[in-house]
Amino acid sequence: MSHYMQPGIILLRDGTDSSQGKPQLVSNINACQAVADVVRTTLGPRGMDKLIYTDRSATVSNDGASIMKLLDVVHPAARTMVDIAQSQDAEIGDGTTTVVLVAGSLLKEAKAFVEEDIHPQVIIKGFRLATTIAIDKLHEVAIALDETDPDARRKLLERCAGTSLNSKLIAPYKAFFAPMVVDAVTTLEDDLDLGMIGVKKVTGGSVTDSFLVRGVAFKKTFSYAGFEQQPKHFDHPKILLLNVELELKSEKENAEVRIDDPDKYQAIVDAEWQIIYSKLEKCVASGAQVILSRLPIGDLATQYFADRGLFCAGRVAEDDMRRVARATGGRVQTSVEDLNETVLGTCGVFHEQQIGAERYNVFSECTEAKSATIVLRGGAKQFVEESHRSIHDALMIVKRAMKSNKVVAGGGAIEMELSRLVKEFARTIEGKLQVVINGFAKALEVIPRQLAENAGFDSTDIMNLLRQKHYRDPEGGKHFGVDIDEEGICNTYEKHVWEPFLSKVNSLSSASEAACLVLSVDETVRNPQSEQAQMQQKGLGGGGAPISQAMGGAGLKGMAGAMGGAGGGRGRGMRVMRGRGGR
């Protein structure tokens, strides 16, 4: 029988779209480049901010990871860019825009190779080899500072924090915030757990009204009338930390009690009062002047402590309680039995402070000093929120710099130097890999180019000056990058534009891995019927799923055309699985 008479084999269910080949690969690359273009203008000290509006709130930010998260990207390939930005933010804290731009630039170079029929695996091999060479060269170029000199080490940390804050909304105040960030991180233990640094946001006042507490500060918790009669200032107080409820509750909320004699009811009520009074007496007998609990402290207990000149606060947040324990040396107790000196904490001064419209409980001059709190002020809520994101990035950078004493020159200098070194390596090999590795070197130039463009400079002139300096004077010019203050180039290392060595290693590795991942995908299969069913289950209706919309509104069939890929629709390399119904 002729093969024309054989029936077609149905592999996938009705309505399933499948896209493969070169158009699919180019379409994925275009999607990733579209994501990179969103954050492109946010890079550097002169980067622009993005205003992202949702139904709930409006956010002003130039932090790459925050923007990616708020955009809610649904394209499956473009999600890779979101993932590497969030990975960079979690691991390093800064450089999220850099890693996205480098990955987008690598894919842009790879797109030209794909269209010239170079196999994706050859491109992947070249990118991985170039990444290894670049990281090896990065170790050689990085500058190790003397750890034995405490003054030099502190300057290193402050300069790294200042470089991180350069591109933030609070850049004009980096001289104010950089020492504060370093002081906060240096109070931590050797594990450098940033969870022990609390950041409290209070709207109102000037940004320079922000301050650091070498201890803990938290907002006044819910309290009863007797709270106002309690003293609000203690010198060298003893602090009791509890996870116990000090509240008189009715019998029906605890248990059902059946009695055969009504006279016994009063005995049960008296027993309940005796239990709560016994707890309160033991707290007072411990010698503590400040009593904190994660659970509620009722009106009876509040008045009881007030009558005895003690301070109490219930419903304290778990993270605040943990920081208080670290800072004061106290131990959280789940029972009031056997309270002694060993479980009590202490601090130099405890007081209540009015900050803006809020009242804060402040524990300062802590003996253990393993925790710190930064109180941020600002005129608008959006400004304070962006200040918080900026401070978080600076804290992460200082943490990484403390773990590694190596730094590299910023301002695009390290990218230009690595580009030169990778190109030199490419001359030592032959074949297609040489072209691919040259493309990798060219992709690294996106950082200084974008820094110049965002500052309003002529990027072509700046890039020509940088290439000339790095190639003609390899030793003296290796630290030259974009001069943002004066249009031109300068030695960014001497201008103290420093970045942690680990930040650049992570950026290069993550960007290369993301590019290789996108290049390794040659086919995408999507079932629109199951996708719509999932959206209906979520209560979002079936009128076009987000992924379908992100791909051009016509499924994977139209994705290549929508994203600018070659051969849109059912062009070359595009295939549709037909069902029994002929659809």
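The values are calculated or read from the model by the stated rules, or taken from the named source; none is laboratory data. In this text the structure is predicted, and so the values were computed from the model without any measurement. No Cβ is skipped: glycine too gets one built from the backbone with ideal geometry, and neighbour counts run over all protein chains shown. Quick note on the areas: whole protein, heavy atoms, side chains included, nothing else; ligands and nucleic acids left out. Shrake-Rupley method; radii C 1.70, N 1.55, O 1.52, S 1.80 Å.
Some notes on this structure:
- Of all the residues in the stretch 224-242, those that are among the small types (Gly, Ala, Ser) and closer than 21 Å to Ser286 by Cβ number 1.
- For the stretch 81-93, the criterion of a residue being farther than 19 Å from Ala441 by Cα and outside any helix (DSSP H, G or I) is satisfied by at least one position.
- Some residue of the stretch 55-66 being of a type in the set (A, V, I, L, M, F, W, C), crowded, with 22+ Cβ neighbours inside 10 Å and modelled with pLDDT of 85 or more: no
- Condition met for Lys125 (basic (Lys, Arg), free of Cβ contacts under 8 Å to residues at least 60 places away in the same chain and open to solvent by 10 Å² or more (accessible area, probe 1.4 Å)): no
- Sole exception among (1) among the hydroxyl-bearing types (Ser, Thr, Tyr); (2) open to solvent by less than 20 Å² (accessible area, probe 1.4 Å); (3) free of Cβ contacts under 8 Å to residues at least 40 places away in the same chain for Thr460, by number: (2)
- Qualifying residue in the stretch 430-451 (condition: assigned to a helix (DSSP H, G or I) and acidic (Asp, Glu)): no
- Contact map, the stretch 176-202: first residue farther than 20 Å from Arg153 by Cα, second residue in a loop (DSSP other than H, G, I, E, B), Cβ cut-off under 7 Å, separation 6 or more or different chains; pairs are Met196/Leu188; Met196/Lys370; Met196/Ser371; Val202/Gly356.
- Of the residues screened, Leu465 is one that is open to solvent by 10 Å² or more (accessible area, probe 1.4 Å), part of a helix (DSSP H, G or I), more than 21 Å from Leu107 (Cα to Cα) and not charged (D, E, K, R).
- Search result, residues across the stretch 374-398 that are among the basic types (Lys, Arg) and in contact with a helix residue (DSSP H, G or I) (Cβ under 9 Å, 6 or more places away or on another chain): Arg377, Arg389
- Residue satisfying all of: in the stretch 67-93; open to solvent by less than 30 Å² (accessible area, probe 1.4 Å) and under 22 Å from Gly162 (Cβ atoms); modelled with the lowest pLDDT among these: Gly93
- Among the candidates Ala267, Ala217, the residue that is surrounded by 12 or more Cβ atoms within 10 Å (Cβ to Cβ) and outside any loop (DSSP other than H, G, I, E, B) is uniquely Ala217.
- Selection of the stretch 239-260 for residues being surrounded by 12 or more Cβ atoms within 10 Å (Cβ to Cβ) and either assigned to a strand (DSSP E or B) or modelled with pLDDT of 70 or more (or both) yields Ile239, Leu240, Leu241, Leu242, Asn243, Val244, Glu245, Leu246, Glu247, Leu248.
Each row is one residue, and each column tells you yes or no for (1) in contact with a Phe, Trp or Tyr (Cβ under 7 Å, 6 or more places away or on another chain); (2) open to solvent by 60 Å² or more (accessible area, probe 1.4 Å); (3) closer than 14 Å to Lys238 by Cβ.
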site: Ile275; (1), (2), (3): no, yes, no
site: Glu281; (1), (2), (3): no, yes, no
site: Leu300; (1), (2), (3): no, no, no
site: Asp307; (1), (2), (3): no, yes, no
site: Leu339; (1), (2), (3): no, no, yes
site: Leu344; (1), (2), (3): no, no, yes
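- All of Glu417, Glu513, Glu445 fail the test of being in contact with a His (Cβ under 9 Å, 6 or more places away or on another chain), in contact (Cβ under 8 Å) with a residue 12 or more places away in the chain and within 29 Å of Met396 (Cα to Cα), apart from Glu417.
- Hits in the stretch 136-175 (condition: open to solvent by less than 30 Å² (accessible area, probe 1.4 Å) and assigned to a helix (DSSP H, G or I)): Leu138, Val141, Leu156, Leu157, Cys160, Ala161, Gly162, Thr163, Ser164, Leu165, Ala171
- Picking from residues in the stretch 119-168 that are of a type in the set (Val, Ile, Thr) and farther than 24 Å from Thr96 by Cα, the one that is modelled with the lowest pLDDT is Thr148.
- Some residue of the stretch 495-503 being farther than 27 Å from Ala394 by Cα and either assigned to a loop (DSSP other than H, G, I, E, B) or of a type outside the set (Val, Ile, Thr) (or both): no
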